[in-house]
Amino acid sequence: MRLDWRSVLFLLAVPLAAACQDPGACTLNVLPAVEGEVRDRVTNDYLATTPRGVVREGAFQDSLRVGGTTFENPPRVASLLGADQRTGRYVVPVEADTCPETPPAFK
């Protein structure tokens with residue numbers, strides 16, 4: 001059986017249409033479940049180094065990514081994002097390369 005382009009297009013469109021029957025369920029706007037501001041615990045400044053972290057809930061794990069920076073030159077990391085489009089209660093450990101007396105904090 002040979003498929004023409006119209007059949008292929010229909011076969012691709014049907015699952016997409018079926019997945020978004022509920023208004024508001026399918027948007028082009030992807031939102032993170034976790035968004036946090038990252039600052040130095042002692043100085044309250046944004047971090048000059050890029051922090052690393054993960055969001056965890058049970059077996060689920062997602063790496064944090066930089067969500068925003070300052071307008072300084074060079075820019076500093078202001079916020080981290082993770083767990084897109086997923087609700088839940090997360091444990092969020094974050095660390096950065098800083099002096100031992102000024103560890104980062106995640107708000």
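Any read-out appearing in this document is the output of simple, stated calculations on the displayed coordinates, not a laboratory observation. Remember, predicted model here, so these are calculated numbers, not experimental data. Cβ coordinates were reconstructed from backbone atoms using ideal geometry, including for glycine residues, and neighbour counts include every protein chain displayed.
Once the Cα-Cα distance is subtracted from the 0.36 nm per residue extended length, the residue 45 to residue 69 segment shows a gain of 7.4 nm. For residue 52, neighbours were defined as the other residues whose beta-carbon sits under 10 Å from its Cβ, and their charges (Lys and Arg +1, Asp and Glu -1) total -2. Within segment 33-66, name every residue whose backbone N is under 20 Å away from a label modeled 7 Å from Cα of residue 87 along the Cβ vector. Output list for this probe position: 33-36, 55-62.
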